[in-house]
Amino acid sequence: MKRVPATSGRITLTADRQEIDTRFLGFTVSPHEECAVEEAVRLVEAHGGTSAVLTLGPEAAVEQLQDAMALGIERAVHLVTDGREWDPVATAEAIVEAVRAQEAAAGPFDLLLFGNEAADSGDYQVGIRVARALDRPCVTGVKGIELQDDAVEARREGPGGWEVFRIALPAVLTLKEGINLPRYPSIPGRLRAKKKPVERTVPEWRSGGLEKVRLKLPSERESEVEVLGTGAEAAPRVVEILKALGLVRA
Amino acid sequence: MILGLVEHDRGRPNDLSFQMLAFGRRLAAGRGEPLEAVLIGTEAEPIAGALGAHGVSKVHLIRHDELTDYAPEAWAEAIVQLIASTGATVVMAAGSDRGNEVMAHVAARTEMPMASNCVAADPGDPFQVTRQRWGGTLLEEAVLRAPVTLITVAPHAVQADSSPATPTEVAVAPFDPNLSEQEFRVRVTDRVEKPAGQTSLSEARVVVGGGRGVGSAAGFGALEQAVGRHRGVLPRRNQRGVAYPRRSDRPDRRAHRSGSVHRLRDQRRHPAHRGVQGSETHPGGQHRSRGAHPG
């Protein structure tokens with residue numbers, strides 16, 4: 001999972017236009033990844049086993065790891081960065097190294113869950129790159145999981161309905177928000193989380209070939225607000241608009 | 001040569017691919033290179049003839065007995081082999097779920113970077129892109145350093161253009177990739193079709209929201225009437241009358257959900273309560289959607 005600024009409405013950039021100005025912002029977890037954490041907890045509750053959470057981020061990202069452990073994740077792995085942004089190639093490489101080290105020490109993971117895309121960078125590729133490097137099947141955009149003996153059935157929205165994929169374990173799934181409704185951590189959960197282990201590693205920053213030059217805000221779209229009226233007197237204008245939208249035929 | 005993946009589902013093209021071709025056409029003109037397209041599976045062959053109007057000079061038709069339905073790794077491996085065969089310098093797809101997925105697989109297999117959801121490109125050296133972040137509420141200017149440029153085009157970054165001054169003839173070149181069983185380990189194994197007449201939020205052309213202003217679950221009556229009259233769809237609700245709990249009602253750090261919501265692209269009629277996940281409640285969703293009218 002990834003620690004991201006909790007933006008609300010208008011985004012402000014730093015003077016060098018390299019980052020979002022977070023001086024007055026809190027931080028949270030990318031929503032798809034928040035759902036992935038919740039799904040991991042639910043899978044363990046339903047089928048047994050254990051779960052771990054991993055993030056690549058600055059020292060402060062331990063807060064998000066503890067949030068995840070407060071929900072029921074047993075342990076955490078923190079790939080500590082100096083705050084510089086990592087591109088998706090480099091991020092995937094660091095995660096692969098960490099997964100290999102974890103599996104060498106504690107045995108293989110049955111499932112690696114990712115968010116479908118990070119809220120901030122929207123790269124859509126880290127989970128797939130990890131799956132490729134580890135030679136595991138990967139289904140993206142998952143909104144439903146059913147574990148079977150040595151396989152997992154993953155559902156996602158597709159053209160005209162749901163697409164169903166049945167793949168062998170171990171596997172990689174990238175999840176989309178909406179697969180579940182993440183729970184809130186309890187106070188005892190938060191207290192327990194502080195005692196759970198966070199394993200730290202400091203990977204070396206690298207570039208993967210996609211180099212950010214600068215950030216910029218999109219040009220404002222001109223918009224106009226028209227007050228249609230109040231109560232019943234607004235109805236004729238509403239009907240006009242519905243006709244214009246093709247919702248109502250004359 | 002610039003190569004665009006024209007995405008389809010069992011022979012039905014995705015309209016976002018035509019937008020991608022319009023983007024590719026400008027890029028091709030800027031580089032002085034031809035725009036060619038790739039169609040995967042013989043089921044897609046009927047699409048080929050229509051691509052000339054979108055500026056495509058040649059269509060590479062991927063053929064394989066097992067390519068009967070969507071299989072992301074097989075699609076990607078076929079494209080990787082086609083790149084090697086044709087020497088494509090830029091490969092692109094629509095920034096759809098499948099487009100991003102297939103291109104990410106191509107990038108992983110070729111160990112090259114990929115820029116997703118681009119809204120502009122400058123085909124110089126190095127290749128520069130402007131791409132969406134935070135669901136489109138922020139843009140990033142970036143450079144891609146790779147032997148082959150891999151990008152996806154953000155939905156609605158450009159309009160599809162199917163009326164060229166000089167329509168081009170389309171040559172169809174079959175391509176038979178060497179695909180192993182491994183490439184088909186991920187494939188659509190089953191489908192649950194939507195009941196006839198239903199429209200999903202992602203397909204809705206118009207979304208009508210009714211927020212807390214309606215007062216209570218009973219206050220949604222007007223919306224429900226509209227659904228009945230106009231053959232719309234009402235999402236699943238909970239006891240509070242909310243389609244899904246509005247995430248931003250939560251009194252904590254999750255005050256605004258972040259950039260994952262961008263599915264309101266081609267709305268049809270879809271009266272929805274404000275609070276539907278991935279819809280009009282999020283700035284990113286609003287920014288990238290057209291014609292969303294939160295109530």
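The values are calculated or read from the model by the stated rules, or taken from the named source; none is laboratory data. Predicted model only: the values in this text are computed from it and were never measured. All Cβ positions, even for glycine, are placed from backbone atoms using ideal geometry, and neighbour counts span all protein chains on display.
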How many residues are out of contact with any strand residue (DSSP E or B) (no Cβ under 8 Å at 6 or more places or on another chain) and without any contact (Cβ under 8 Å) to a residue 60 or more places away in the chain if we restrict to the range B:25-49? 3
Residue A:99 vs (1) under 23 Å from residue B:101 (Cβ atoms); (2) surrounded by 23 or more Cβ atoms within 10 Å (Cβ to Cβ); (3) not aromatic (Phe, Trp, Tyr): all pass except (2)
For residue A:122, the lone unmet condition from (1) in a helix (DSSP H, G or I); (2) at the interface with chain B (Cβ under 9 Å from one of its Cβ atoms) is (1)
Pick from B:77, B:141, B:73, B:169: which is part of a loop (DSSP other than H, G, I, E, B) and either farther than 18 Å from residue A:89 by Cβ or not assigned by TED's automatic domain parsing to the domain that holds residue B:46 (or both)? B:169
Can you tell me which of (1) at pLDDT below 95; (2) more than 8 Å from chain B (Cβ to nearest Cβ) is the one residue A:43 doesn't meet? (1)
Name, by its number, the condition in (1) modelled with pLDDT of 95 or more; (2) more than 12 Å from every other protein chain (Cβ to nearest Cβ); (3) out of contact with any Phe, Trp or Tyr (no Cβ under 9 Å at 6 or more places or on another chain) that does not hold for residue B:90. (3)
Out of the residues in the range A:125-152 that are in a strand (DSSP E or B) and facing another protein chain (nearest Cβ under 8 Å), state the one that is farthest from residue B:186 (Cα to Cα). A:141
Only one residue in A:84, A:100 is over 20 Å from residue B:151 (Cα atoms) and assigned to a loop (DSSP other than H, G, I, E, B), so which one is that? A:84
Within the group A:91, A:7, A:22, which residue is under 25 Å from residue A:213 (Cβ atoms), polar (S, T, N, Q) and part of a helix (DSSP H, G or I)? A:91
Checked A:206, A:156 against criteria (out of contact with any strand residue (DSSP E or B) (no Cβ under 7 Å at 6 or more places or on another chain), charged (D, E, K, R) and farther than 21 Å from residue A:52 by Cα); the one match is A:206
When you look at residue A:12, is it more than 13 Å from every other protein chain (Cβ to nearest Cβ) and either over 20 Å from residue A:175 (Cα atoms) or without any contact (Cβ under 8 Å) to a residue 60 or more places away in the chain (or both), yes or no? no
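Counting just the residues of the range B:97-129 that are of a type in the set (Gly, Ala, Ser) and surrounded by fewer than 21 Cβ atoms within 10 Å (Cβ to Cβ), which one comes out modelled with the lowest pLDDT?
Checking each candidate, the answer is B:124.
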